[in-house]
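Undergrad: Handing you this structure, nothing more for now.
The values are calculated or read from the model by the stated rules, or taken from the named source; none is laboratory data. All values reported here derive from a predicted model rather than from experimental measurement. Accessible surface areas use protein heavy atoms only, side chains included; no ligands, DNA or RNA. Shrake-Rupley method; radii C 1.70, N 1.55, O 1.52, S 1.80 Å.
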Amino acid sequence: MPGPRHPAVPAQAPTGHITSTAERGSFCLAVCSCGWTGPARRSRDLARKDATRHGTEG
């Protein structure tokens, strides 16, 4: 029996940007509380990396 599923926790950077990912059809994109959105990606992993990079840019 598989273990419990845990929802993804948005990455929060020290700058106060709260990032997450959003699904749009077959694409995934990074979004931020500041209004920024990353490029649409077919890879969720790349979208998460975009979100992380945005949150840590200074």
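Undergrad: Any residue in the range 4-16 that is at pLDDT 85 or above and open to solvent by less than 70 Å² (accessible area, probe 1.4 Å)?
TA: No, the conditions are met nowhere in the range 4-16.
Undergrad: What is the residue count in the range 32-53 for residues that are open to solvent by 30 Å² or more (accessible area, probe 1.4 Å), outside any loop (DSSP other than H, G, I, E, B) and of a type outside the set (Ser, Thr, Tyr)?
TA: Adding up the residues that qualify gives 7.
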